[in-house]
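One structure is given below, encoded as structure tokens.
The values are calculated or read from the model by the stated rules, or taken from the named source; none is laboratory data. Everything numeric in this text was worked out from a predicted model, so none of it was measured. Methodologically, a virtual Cβ is constructed for each residue, glycine included, from the backbone with ideal geometry; neighbour enumeration extends over all protein chains shown. Side chains are part of the model used for accessible areas, which takes the heavy atoms of the whole protein and leaves out ligands, DNA and RNA. Shrake-Rupley method; radii C 1.70, N 1.55, O 1.52, S 1.80 Å.
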There are 2 protein chains.
Amino acid sequence: MSIADRKDREKKELTELILKEARALFLEEGFEKTSIRRIADRIEYSPATIYLYFKDKNDLLLALHQESFTHLFEALSSVASVPDAFERLVALGKAYIEYGLKNPEEYELMFMLSAPLEALECRHELWCDGQKAIDLVKMMVDDCKAHGYFRKDLDPDTTAIMLWAQVHGLVSLYLKQRFKMFQDQDQKKLIDKTFGLFIKTLQCFR
Amino acid sequence: MSIADRKDREKKELTELILKEARALFLEEGFEKTSIRRIADRIEYSPATIYLYFKDKNDLLLALHQESFTHLFEALSSVASVPDAFERLVALGKAYIEYGLKNPEEYELMFMLSAPLEALECRHELWCDGQKAIDLVKMMVDDCKAHGYFRKDLDPDTTAIMLWAQVHGLVSLYLKQRFKMFQDQDQKKLIDKTFGLFIKTLQCFR
DNA sequence: TTGACAAAATGAACACTGTTCATTATATTT
DNA sequence: AAATATAATGAACAGTGTTCATTTTGTCAA
């Protein structure tokens, strides 16, 4: 049936047009300004049409959130080329922080907003993008163990969460202006310095 | 002039009535449901009246935010009685986490929402509540140095930020449902375990 | 006590928001 | 060409923060 095929294709095309313009609006003007009506304006359809392609706004934001994760994993993929296991873990942390600072809106969508997780919740689905991310950290922790950087009895799950919480703490406090009180110092250097100290601290895992 | 005094008092009283009901609404139904109109309903004034007492919603949220800090400092004050310097730092971290988990809305207001900091920004004021909080951590880090738990060359500023970022990372990821993917385990125990590991890690500062 | 003035409170409006649904327009099938 | 299925929409609902002309209330001097 080529006509059903075309219908499927058209459905997919409009879905992606919505996402494309939603993404553009999201990156240009941020989460707050990304309204259904403004997306509708950009794609030249009525607001109601969007609801034929997405259950609600959370559902649309979940789709954007998933695209952002692909973007994040791209940004993190370069660290794979770092030969040393511990240096690789350090590079991962640095790349994560850099991604957060350079893509604030996407970072918020992935790790700070409730919307995408609410969409998953009502679909009875788990946050597998997050699982993939923490698995990446866990693997690198295991590598560090294998190469003698971390003790063998170290729990990789707990360690991965600790690493994640540290970098997320730094990025999210920065993004929400909580480092502006350190007015004299450069905020980004402060993050680097803190991350550096954290890395030093990790060396006692040996 | 007793009449000017009474006017001042009345101004203060209504300001505090607004804050009282705003706070109640905020705690009962959360940030999202705390609208100017609903506050107005509760205090039995028109929405426009609120704007005679607060510049805008951010300004009102800043006032709530400051009240929350008093509440936080109260919750943290008990750790002062812990005799050992390092144990005191650990107790501070635990108390901070516990406060965050038990008072999610207040925690978000203090450390995750933009609103209060935007209000400060347009007043050209600094986030002195935040400064007081980080100073508390810094003092305890200094205590640890003084009692031989941390090396003398450790930078207390960077260390304080690292400690803060760690606990904030844990609390904020939890509050934004990012730990729900670890479905089998108890999320709060996961936080405790991670914080425990972090504390162990700190012992290499000796 | 009354009139003039100042202060406080408000109703209504503006420009938005997400979402739903009966109606209309388009496309496909009989 | 008529009947049916699919797609798109206009209009409405209920809500948001905010502003401002208008009205109400309170104070003070004549």
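Summed over region B:34-57, the residues that are within 7 Å of DNA strand D (Cβ to nearest atom) and part of a helix (DSSP H, G or I) give a count of 6.
Considering region B:96-117 alone, what residues qualify as being crowded, with 17+ Cβ neighbours inside 10 Å and either at pLDDT below 95 or more than 10 Å from the chain's Cα centre (by Cα) (or both)? Within region B:96-117, B:I97, B:L113, B:A115, B:P116, B:L117 qualify.
Of all the numbered requirements in (1) open to solvent by less than 60 Å² (accessible area, probe 1.4 Å); (2) outside the structural domain of A:S114 (by TED's automatic domain parsing); (3) more than 8 Å from DNA strand C (Cβ to nearest atom), A:A63 misses one, and that requirement is (2).
Screening A:A160 against (1) over 13 Å from the mean Cα position of the chain (by Cα); (2) of a type in the set (G, A, S); (3) open to solvent by 10 Å² or more (accessible area, probe 1.4 Å) leaves a single unmet condition, (3). Go through A:L120, A:L52 for me and flag whichever is surrounded by 20 or more Cβ atoms within 10 Å (Cβ to Cβ) and more than 27 Å from A:Q177 (Cα to Cα). Checking each option against the conditions leaves just A:L120. What is the residue count in region B:67-87 for residues that are part of a helix (DSSP H, G or I), in contact with a helix residue (DSSP H, G or I) (Cβ under 6 Å, 6 or more places away or on another chain) and open to solvent by 20 Å² or more (accessible area, probe 1.4 Å)? Here the count works out to 1. Filtered by the rule that a residue be facing another protein chain (nearest Cβ under 8 Å) and buried (at least 16 other Cβ atoms within 10 Å of the Cβ), region B:123-154 gives B:W127, B:G130, B:I134. For region A:7-41, taking the residues that are of a type outside the set (D, E, K, R) and open to solvent by 30 Å² or more (accessible area, probe 1.4 Å), the one that is nearest to DNA strand C (Cβ to nearest atom) is identified as A:S35. Against the definition (open to solvent by 40 Å² or more (accessible area, probe 1.4 Å), outside any loop (DSSP other than H, G, I, E, B) and more than 16 Å from DNA strand C (Cβ to nearest atom)), how does B:A91 come out, yes or no? It is false that B:A91 is open to solvent by 40 Å² or more (accessible area, probe 1.4 Å), outside any loop (DSSP other than H, G, I, E, B) and more than 16 Å from DNA strand C (Cβ to nearest atom).
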